[in-house]
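J.: Here you go, one structure.
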Amino acid sequence: METYDGPARVTADGEEHEVTVQLTVTSDRGLQGGRGSLQAHDEEAAWKIREADLSKLRIDNREGYFIPMSGQLGSEELGIKGSGPAPFGD
């Protein structure tokens, strides 16, 4: 199991946002996925990320797609679920 805790960029419907993420990558029967959370820098950015049709996470030069899974109005933190290869690690 691999983990990442640090800075990242999210592209949500074409708009970039700097965030902090905590991610854990798992593999189940050969399929890779991941779960974690992201912290946006303000409520407006969190709302835009939560409501986006397509969200992509970039760590250094690697990208991965994710789906916002939870988050409360008025909060800058969102739970996320990754899809496909992780944007960090080996």
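J.: May I ask you to list the residues in the stretch 2-39 that are over 16 Å from S83 (Cα atoms), surrounded by 18 or more Cβ atoms within 10 Å (Cβ to Cβ) and over 10 Å from the mean Cα position of the chain (by Cα)?
T.: H17
J.: A further question follows. Please enumerate the residues belonging to the stretch 20-34 that are in contact (Cβ under 8 Å) with a residue 24 or more places away in the chain and under 18 Å from S75 (Cβ atoms).
T.: Going residue by residue through the stretch 20-34, those that are in contact (Cβ under 8 Å) with a residue 24 or more places away in the chain are 21, 23, 25-26, 32-34.
Listed by number, the list holds a single entry, V21.
J.: Going by the structure shown, is H17 in contact (Cβ under 8 Å) with a residue 24 or more places away in the chain and touching a helix residue (DSSP H, G or I) at 6+ places or on another chain (Cβ under 6 Å)? Quick ask: steps written out before the conclusion?
T.: On the way: in contact (Cβ under 8 Å) with a residue 24 or more places away in the chain: yes; touching a helix residue (DSSP H, G or I) at 6+ places or on another chain (Cβ under 6 Å): yes.
For H17, the condition - in contact (Cβ under 8 Å) with a residue 24 or more places away in the chain and touching a helix residue (DSSP H, G or I) at 6+ places or on another chain (Cβ under 6 Å) - is met.
We did not get these values from a lab; they are worked out from the coordinates using the rules stated. Given the structure is predicted, the values throughout are model-derived calculations rather than measurements. Virtual Cβ from ideal backbone geometry, glycine too; neighbours counted across all protein chains shown.
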